[in-house]
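The structure appears right after this line, and notes come after that.
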Amino acid sequence: MSEMSRRGALKLLAGQMALLVAGCSKPREEIVPYVRMPERMVPGMPLQFATTLELGGYGRGVVCTSFEGRPIKVEGNPLHPASLGATDVFAEAAIFSLYDPDRSQSVRQSGEISNWAAFFDAMQPLLGDLAAAGDRLRLLTGPVASPTLIRQIKALRQRFPQLVWHRHDPLEDQAAREGAIMAFGRPITSLPRLADAEIVVSLDADPLGAGPRQIVNARGFAARRRARKGLDGIGRLYAVESALTLTGANADHRLALPPNEIADVAVAISRALGAGLPEGALAKDAAAFASKLARDLLAHKGRALVLAGPTLDPDVHALCHWINAQLQAPIDYLEADEAAHPSSLTELVRDCEAAKVDSLFVLGCNPVYDAPRDLGFAQAIRKVELPVHFGCYFDETAALCEWHIPQSHILESWSDLEAPDGAASLVQPLIAPLYDTRSVHEMIATLQGRLASGRDLVRETWQASALAGDFENWWRRALHDGIIAGSAGKPALSLSPQLPQLKSRGNAELTLVLRPDPSLYDGSFANNAWLQELPKPLTKEVWGNSIGIGRKDAAALGAVDGDVLRLTANGRSLDAPVRIASGHAPGVLTLTLGHGRTAAGGIGTGVGANAYLLRADASFAIRGVVATRTGENRPLPSTQKQFTLDGGAADLFPSYALDQFRALAEPSEKAQLPTFLSPPAGSGARWGMVIDTSLCIGCNACVVACQVENNSPVIGPEEIAVGRDMHWLRIDAYEIGPPENPRTGFQPVPCMHCETAPCEPVCPTGASVHDSEGLNVQVYNRCIGTRFCEANCPYKVRRFNFFGYADGQEYRGLGADVMRAHNNPDVTVRARGVMEKCTYCVQRISRARHTADKEDRLISDGEVVTACQSACPTRAINFGDLSQPEANVSALRKEPHHYTLLGHLDTKPRTTYLAQVRDINPQPDGKDG
Amino acid sequence: MSLAISSARGAEAAEEPLVPPAATEASLTAMIADPVLKGVAGRGWWIAIACAAPLALITIVAIGWLLGSGIGLLGNNTSVVWGVPIANYVWWIGIGNAGTLISALLLLTRQSWRSSINRFAEAMTLFAVSIAGLFPILHLGRPQYFYWLAPYPNTMTLWPQWRSALVWDFWSIISYLLFSIVFFYVGLLPDLATFRDRSKSNRGRLMYGAFALGWRGSARQWRIHNLFYTTMAGLAVPLVCSVHSIVGLDFAASLMPGWEETIFPPYFVVGAMFSGFAMVVLLAAAIRWGFRFQGILTVRHFEAMAIIILASSLIMALSYATEWFSGWYSGKAAERGEVAFAFTGSYAPLFWLQLVCNCLAPQILWWPRMRRSLPALIVVSLGILVGMWLERILIIWNTLSNGYLPSMRRLFIPTLEDGLLVIAPLGLFAMFFLIFVRFLPAISMHEMRQLLHERERS
């Protein structure tokens, strides 16, 4: 060995040390690269697939982003007529349900874990017998709008000719169906085209509220709300309703009446149109309101429509059909698919009680929880010899069934769904089933004695359909587009609705109005922590439901906010905290359905009060309710306590009538406050956001979208009650005007990305800094958690990890390994003690910049779409580069009603607003909304 | 202003001696040194330790719990992001201000009565500032990285963000703490030498001797000592003012209504002196009783402190009134709403209590009888300590609970951990103080001797 130099020795020593250090740490997990890379997959690049999600049985087309096989984000599909590129809260939150650790993962027999083979063995002899045994086999489903499922059930009936199919939809608007039968002689579906209506009158209907048509209605409504320079007019929305809904909150004129008096408003309108009905008993101001809106309707024939809500009786629905016919209202009428309307739950219960049912297959619905209690479904199912439950959760119904069969999540399944207007689209799986589950089609196929894959079953449907030409191409196109071209409902032609005979209505009693929950819908989303923690649009309450009550009724009861009321109706009672709400009609209480689950899972069980308990039938108004105070006081946690804009705060939410808006001057550059500071340096883009508060209907889709996109954790009711929350984007709701009947304004508040951000100079470590494109960014690694930035933020948009909400101290079971899969890999999961906030979806900006750089061009306007913007059904949120004068945001900033929040602080926010513009009926009258 | 009053009153009350008439240098020294060097700890001391030690232990447990579980244990929320630790910090820093202020400012203004109180007031400063320094760290989301406020060389080549008042805070606390230690130690040197000389045990001689740094009491040493000590006193005054001014800037250098006020720095300094003197009154009363120091901690001392308290109370009242006036005069809705919220909002009872404690109750000190009554003075001082804590917490709560956007107005709901962090450190402080009086002279012997010398000379 030659002599070693000192330098060489040191080199060797250093090398040894490096080896030693590297050898100390074992890799925590093995990383195995693909041997054969799947086609189209580039590590680090997400893939997007079109599919369809279900709500109330109907489909909404979505585009789902998948990252290395994990679906992580749902966005709207612009080609799908029920999505139009936007989403609602339920679509956004579907990702949570997919990874929900409480999902049913195995077959169970009598509650004990079993397996598929045992289930098949148990089924084989039985199904053989049943073929001969007549109508002793029953099928119970929720609302069905899947062509494949309908085809399969038809086929099943061929095999078991006596099989009876029952359908149960807890939120079915039976009054609307009966009203249509009354008016047209058959159950016509009517779909209003709000975009074509200048005058819309909503009679306790909530077209902008949660439901399968929410996005479509909201987009139509927004089409008539886009107040811009030089505009002629916008649509006018009247709402007559028992309690504030999203529709009423967005109305130009609103009147609160109990449901039985709302019927009289419909009568008053019909009388103005020449119906010879006897006059209703409306109070003076209500009559004035009715005559005002009737005149407005008459003046806009062909461009006016009236909507009736589920609390109204069938005859009022029929009357509204007649009114709409006289008005030549912009409504699409469709023939209802009677194949999808089989027997009801009532008949099933009757047959069970009569011991006519041997086997019952409950597919994807939960009647033990959500059927009207007077029906006695829970007692009836005990009389069935072999009840089988098929669903995603081991829920209340599953607990009473002999067998429970786990259903695949819709993002794991092949299927197809129709939108309310009949447009069909395919459902394709984004991921192989996480557990040993089957789709509903595979389940039905087993009943037919077939073992077929869901994909084949769906293809069979469409191969047989006339729509398909060259099938493989057609199939690929349909999957790619997420819509089946040319599919549509069957229009109902030459309708002439009859003027109905009106029943006499009872006297005013205390009425409980039930509504679908804006976050949980019918209760099937109860175990979705994102939705449980989603502040309800009008009350901002989370984790529970409260009884809404008007001020006068509350005073009569001596109740204050948070007092627990006992509601008694139909011989049953229910305790829930009360919330004194604005805009309630006297004698009306409200409660949302979907809460109070007893077997929802770790998140949803025991949260809120189950309003289904009080229901005698499927109606949405329970008359003759008795309310008493229990003496307990436990207000629900909420994220907003003050809804009024006191004193000087009024300029936070300016609201203009249309003529005031027209008189507004254009904003001038002089309005800028003088400054010694030089304009911010930096070249390239200047990102900015403009939010149109006229268009924001408060639906919350953006809030969930932001949470999903940015890995915002759920923190639980106890934390919210303390006053903490983690949503980067919140929607402030303000009530403007008299407290009895205020106007509501919604103001989405993300980070303002101030050019002179107050959070930046106060941060001692420089964790809050500006980037070259004007984003106010938070460097999580550098943050030590002094919280000075949030203390100094006038908008209070920063969110602090007081605990390790996503980092070892998760709420309930949310730290489960499977939950980690939902995280967006482009966004850091924040540690305990770190401040975070809206980034304008900086990861999306980066992606767009990379793409543009590769193609050697600038990022074009509209190329970066933030998560909130993408979700918004009304397109109220606009994002873009302010340095481009032709960009949409730059144009919006020149609108006369453009304003900055707290502009006098000279923070120079990049997020700015367009003030609310309402079309107030200029006719003078005493009362307006 | 307060000094002028106290000086005038001092001359007026000159008939009452600051040292016992029969005292000699030897008797004075013995009076202060003997309880420490010869006496065994009395029952009172042990009872006091028994009360303080569990609280000190709870402090440590509470801190451990906080570090382990995260600051979510506190009642802070999204709107009221600051809470009890910040109020505690300001309160303890305020207490800590008075010691050095008394020592330095009264030395420079030749207030001879300071000699009997400056030593334990300086000790109080050390302990209070040490405890105060804990809170900004405990309040951090990631306390393990508190040192990122210091400009230490690091691989990221990142420095603190100098515009932040919290960085100034970091420096002001550190420099004040270091300065207070040195100032205390320098003043203690001749007394440590006395203890070395008087100590009977070898261990005592060794320990006191080591810390006395070879003090021999030569004329040269005294000259250097006096020069150095007076110079430090000259430095101390601006430092004391800067510390609490900077604490005031934590709030004032913001744009929140109720914080964004130029009056905050001076008003915080006076507030600190106010609460500091209240604490000194309590400690002086305790030492006077515990060591039977009636002869050297006379009613005249208490009266002088009462006058300073009264003057500070008036300044505080004026500051409050100025704050309300400027809130109203600004014409800004947010500022006016802030004042209205303080008087009528959710925390209004606490606010009224604060005004009673800080502005109303001290007014009884206009009566000489009250100034000379120890029980009255103790009650007023306790009230001031409560009132000043309330002032600090309400500055935080009122502004952050009632910010610009009505939608984000949220109240602060205190938790158990908040309560522990308020109460338990008092025990830690008492612990420190009890240990101090057992091992070091609570009153400056050499300065008392000098007082005697000056009396004899005149």
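Descriptive notes on the structure:
- Only residues that are over 21 Å from residue A:675 (Cα atoms), of a type in the set (Ser, Thr, Tyr) and buried (at least 24 other Cβ atoms within 10 Å of the Cβ) were counted across segment A:871-911, and they come to 1.
- Selection of segment B:172-212 for residues being within 14 Å of chain A (Cβ to nearest Cβ) and either of a type in the set (S, T, N, Q) or touching a residue at least 60 places away in the same chain (Cβ under 8 Å) (or both) yields B:172, B:173.
- In summary, helices (runs of 4 or more DSSP H) completely within segment B:369-458 and bearing 2 or more residues that are farther than 23 Å from residue B:334 by Cα and of a type in the set (Val, Ile, Thr) occur at B:374-401, B:416-439.
- Candidate set from segment A:802-825 (those that are free of Cβ contacts under 8 Å to residues at least 60 places away in the same chain and on the phi < 0 side of the Ramachandran plot); member that is farthest from the other protein chains (Cβ to nearest Cβ): A:817
- Yes/no for residue A:826 being closer than 26 Å to residue A:757 by Cβ, of a type in the set (Asp, Glu) and in contact with a helix residue (DSSP H, G or I) (Cβ under 7 Å, 6 or more places away or on another chain): yes
- Evaluation of residue B:408 against the conditions (1) crowded, with 18+ Cβ neighbours inside 10 Å; (2) in contact with a helix residue (DSSP H, G or I) (Cβ under 9 Å, 6 or more places away or on another chain); (3) at pLDDT 90 or above shows that the sole unmet condition is (2).
- Residue A:405 vs. criteria closer than 22 Å to residue A:122 by Cα and without any contact (Cβ under 8 Å) to a residue 40 or more places away in the chain: no
- For beta carbons closer than 6 Å, sequence separation of 6+ or different chains, a first residue in segment A:162-183 that is without any contact (Cβ under 8 Å) to a residue 40 or more places away in the chain and a second that is crowded, with 22+ Cβ neighbours inside 10 Å and assigned to a strand (DSSP E or B), the qualifying pairs are A:163/A:137.
- The number of residues in segment A:757-774 that are in contact (Cβ under 8 Å) with a residue 40 or more places away in the chain, among the hydrophobic types (A, V, I, L, M, F, W, C) and in contact with a helix residue (DSSP H, G or I) (Cβ under 6 Å, 6 or more places away or on another chain) comes to 1.
- Options A:202, A:270: the member that is touching a residue at least 40 places away in the same chain (Cβ under 8 Å) and within 30 Å of residue A:418 (Cα to Cα): A:202
- For segment B:349-360, residues that are free of Cβ contacts under 8 Å to residues at least 24 places away in the same chain and in contact with a helix residue (DSSP H, G or I) (Cβ under 7 Å, 6 or more places away or on another chain) total 0.
- Selection count where residues are in a loop (DSSP other than H, G, I, E, B) and facing chain A (nearest Cβ under 9 Å), scope segment B:147-161: 5
- Only one of the numbered conditions (1) surrounded by fewer than 21 Cβ atoms within 10 Å (Cβ to Cβ); (2) in contact with an Asp or Glu (Cβ under 7 Å, 6 or more places away or on another chain); (3) away from every other protein chain (no Cβ under 14 Å) is violated by residue A:770, and that is (3).
- Condition check for residue A:450: farther than 16 Å from residue A:348 by Cβ, modelled with pLDDT under 95, over 26 Å from the mean Cα position of the chain (by Cα) and among the charged types (D, E, K, R): yes
- Residue within segment B:83-90 that is part of a loop (DSSP other than H, G, I, E, B) and buried (at least 24 other Cβ atoms within 10 Å of the Cβ) present: yes
- Subset of segment A:435-448 that is surrounded by fewer than 18 Cβ atoms within 10 Å (Cβ to Cβ) and in contact with a Lys or Arg (Cβ under 8 Å, 6 or more places away or on another chain) - its residue that is nearest to residue A:147 (Cα to Cα): A:448
- Residue match in segment A:648-670 (condition: within 14 Å of chain B (Cβ to nearest Cβ), among the small types (Gly, Ala, Ser), over 24 Å from residue A:566 (Cβ atoms) and surrounded by fewer than 13 Cβ atoms within 10 Å (Cβ to Cβ)): no
The rows are residues; the columns are (1) modelled with pLDDT of 95 or more; (2) touching a Phe, Trp or Tyr at 6+ places or on another chain (Cβ under 8 Å); (3) assigned to a strand (DSSP E or B); (4) small (Gly, Ala, Ser).
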residue: A:222; (1), (2), (3), (4): no, no, no, yes
residue: A:233; (1), (2), (3), (4): no, no, no, yes
residue: A:244; (1), (2), (3), (4): no, no, no, no
residue: A:255; (1), (2), (3), (4): no, yes, yes, no
residue: A:262; (1), (2), (3), (4): no, no, no, no
residue: A:270; (1), (2), (3), (4): no, yes, no, yes
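- Taken as a whole, segment A:590-597 holds at least one residue that is among the charged types (D, E, K, R) and within 22 Å of the chain's Cα centre (by Cα).
- Selection from segment A:325-359 of residues that are aliphatic (A, V, I, L, M) and under 29 Å from residue A:497 (Cβ atoms): A:325, A:327, A:329, A:331, A:334, A:336, A:339, A:340, A:345
- Just one residue in the set A:715, A:784, A:720, A:731 is more than 8 Å from chain B (Cβ to nearest Cβ), in contact with a helix residue (DSSP H, G or I) (Cβ under 7 Å, 6 or more places away or on another chain) and aliphatic (A, V, I, L, M); that residue is A:731.
The values are calculated or read from the model by the stated rules, or taken from the named source; none is laboratory data. All values derive from a computational prediction rather than experimental measurement. Don't worry about glycine lacking a Cβ; one is built from the backbone with ideal geometry, like all the others, and counts go over all protein chains shown.
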